[in-house]
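The values are calculated or read from the model by the stated rules, or taken from the named source; none is laboratory data. Here the structure is a predicted model, which means the values were calculated and not measured. Quick reminder, even Gly has a Cβ in these numbers, built from the backbone with ideal geometry, and neighbours come from all protein chains shown. To get the accessible areas, we keep the full protein, side chains included, count just its heavy atoms, and leave off ligands, DNA and RNA. Shrake-Rupley method; radii C 1.70, N 1.55, O 1.52, S 1.80 Å.
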Amino acid sequence: MLEELNKDNIVQEDKKFKRKELTDRIVKLIFLFIAIICASFVIFIVIFILEKGIEPFVKNYSLVEGEVVQQNIGLFFTNTRWLYDGNGGMGFLLLTTLYTTLLSLIISIPVSIFTALFIVRMAPKRAKPVIKTCVELLSSIPSVIYGIFGMGVICPIIQMAPVQTFAGNSILSASLVLALMSIPTITMVSINAIEAVDKSMINASIALGASNAQTNLKIVLFSAKSGIFAGIILGVGRALGEATAVQMVIGNNANGLGFYNPLNPGMTLTSAMLSGIGEASGIGYDVRFSLGIVLILVILMITSILNVVKNKMDVIKTKNSTSVIKKIGKFFSSDIAFIRTYFNDKFKKDSK
Amino acid sequence: MIEFENEQTNVEQKVDNSANTLLDKEEFKNPENIAFSCRNVDLYYDYGEKHSLKNINIDILKNKVTAFIGPSGCGKSTLLRCFDRMNDLIDGCKVTGDIKYMGQDINEINTIYLRTKVGMVFQQPNPFPMSIRNNICYGPRCQGIKNKDTLNKIVEQSLKDSALYDEVSDRLDASGLSLSGGQQQRLCIARTIAMSPDVILMDEPTSALDPIATLKIEELIKELKKKYTIIIVTHNMQQAARISDYTAFFMLGELVEFNETEEFFAHPRDKRSEDYITGRFG
Ligand SMILES: Nc1ncnc2c1ncn2[C@@H]1O[C@H](COP(=O)(O)OP(=O)(O)OP(=O)(O)O)[C@@H](O)[C@H]1O
Ligand SMILES: [Mg+2]
């Protein structure tokens, strides 16, 4: 009698756990489905831009006088001016984009790292959350506000330079605005990286007679380097892709030859895409999609290179060399098998 | 009402064990022999809320192994951290009383200098995520030693002193984290020795290790005491009996008894020590 009861219990329990496992596995598949949808949106956007961006090179646009134009492929790569009439060259836009980003990083990286270090390691205990909240708030300010700030404060300051400027609108102003915009992002991520540094490492360093500065540089920053680098990647992405604020302060100079001097006005890929978009039509509108392709490619390339560098930085390396798709397949195939057998069993029972 | 009064008197009762903790022996009379001396040391955590060390009086002899034992939470680690002023890093921690190192008030010694002279080995092995070589060079480099030959000599010597040389001499550039737990702990000892300190503080250095690794570290400590003054916190009374010359027994923040190890275990003078040794509590 007792044995029978136990047996029943076990069967009962087994059923209960099977059902739990089933929900787990189904939820997992649902998440996979959602992830696939999100990923396919990205792919869809890229395809859309590609399709629209190739159009100016192949479609015939009629101008007022009955002429017909296309974007000239050769000039697209070689012209030093950016024009919206089919003869523009994006080479200098690309260079200016990279140059502006680089200048902004030269400012934002050290400032962010030292701010983060200060907040985590040096700030008085009470002040810490206050400063941290400030940085968090800064990172949520919309870019148009940074743009206005650039127009109202940074440009007039640049204008004071002893050389002739374009009312302070310049590559330097854009870099400064970009730096201001990316500092909160890089700082926040760096703060998290620095806070995650093993306390016992810090204690060991100090117990070995290292000064605070030595500990911060050699242990804290060293241990947090890959996390900080992740912040830098985000900052780079933000700087490369920012349009509004840049467009407001860079001067939108279609002639690219002056790009080497940061005090000259310039034009980036994003500002060329944005400036005058309201009045644009025909080829002048569609060619912006072509710039979009260039921008996407550049951002993808740079962030993936930086990610490779970051992965090299991580101490722990995964040796697994099987392809991602295979891994995902393996990850889910057992779930599908489980669910199938579960329902098979169930149907069999029901039909009995 | 009566209970309340009792509490009052309890609080006011001043702990005074100095009769049991300051030894009336020849070695302790000569100030030259004494590495650390504590007089009326009190320590408070959490801005005075937690009274964690109560009126500690103790002398630590040079070139001897002194063991700190006692139940968990009695303040062994806390007192150990007083000696290289690691408590300074803890917010809201306050130390009162006199602690002298080589006859000099430790608050008047430059902390960085003090920490180069008083090394510390932690409970959990914590090598830096760098190569074995760089782990050992870290301290000397922080003191400005840059010469490669000097550094190489330091690496070799400290690895030999910490009985790790044979195991790692062929892979000095491997990560310190690639070693086993016991090896990591010896690397941490090597890292401390590389500073050529006078004193080594060890906070339960073997608690994360298996018996064989523990034995190795114990052998090492016996070797090291020829050159260094060692203070070791341990939960293991056999270990204290095996390796130490003097033993200090703590309870609830008090130093209950301090004596030569043999005498302490053979004839504990305090009832609480006796209970602890015989395993009646703790
Ligand atoms: N950083 C701290 N802040 C507040 N209180 C602390 C801190 N460190 C220790 N204490 C308290 O001080 C008392 C002594 O702690 P300590 O770490 O010195 O004990 P211990 O004897 O080393 O114990 P164990 O054998 O478990 O390591 C404990 O009551 C503990 O709660
Ligand atoms: Mg402890």
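Data for the structure
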read-out: Test: A:Ala204 is buried (at least 22 other Cβ atoms within 10 Å of the Cβ), within 11 Å of another protein chain (Cβ to nearest Cβ) and more than 22 Å from A:Lys310 (Cα to Cα); value: yes
read-out: Top-ranked residue in segment B:40-74 [being open to solvent by 10 Å² or more (accessible area, probe 1.4 Å) and within 16 Å of ligand 2 (Cβ to nearest atom); ranked as farthest from the other protein chains (Cβ to nearest Cβ)]; value: B:Pro71
read-out: Helices (runs of 4 or more DSSP H) wholly inside segment A:131-236 containing at least 3 residues that are closer than 30 Å to B:Met202 by Cβ; value: A:199-207
read-out: Residues (in a helix (DSSP H, G or I), open to solvent by 40 Å² or more (accessible area, probe 1.4 Å) and not polar (S, T, N, Q)) located in segment B:167-195; value: B:Glu167, B:Leu177
read-out: Selection count, segment A:214-230, where residues are hydrophobic (A, V, I, L, M, F, W, C) and at the interface with chain B (Cβ under 10 Å from one of its Cβ atoms); value: 2
read-out: Long-range neighbours under 7 Å by Cβ, at least six apart or interchain, first residue within 14 Å of chain A (Cβ to nearest Cβ) within segment B:81-105, second of a type in the set (Asp, Glu) and not in a helix (DSSP H, G or I); value: B:Gly92/B:Asp46
read-out: Every residue from segment B:106-130 that is within 7 Å of another protein chain (Cβ to nearest Cβ), over 16 Å from the mean Cα position of the chain (by Cα) and in a helix (DSSP H, G or I); value: B:Ile112
read-out: Answer residue from segment B:210-243, given it is within 16 Å of ligand 1 (Cβ to nearest atom), over 12 Å from the mean Cα position of the chain (by Cα) and not in a helix (DSSP H, G or I) and is nearest to the other protein chains (Cβ to nearest Cβ) among those; value: B:His235
read-out: Segment A:64-77, residues that are open to solvent by 30 Å² or more (accessible area, probe 1.4 Å) and in contact with a helix residue (DSSP H, G or I) (Cβ under 7 Å, 6 or more places away or on another chain); value: A:Gln70, A:Ile73, A:Phe77
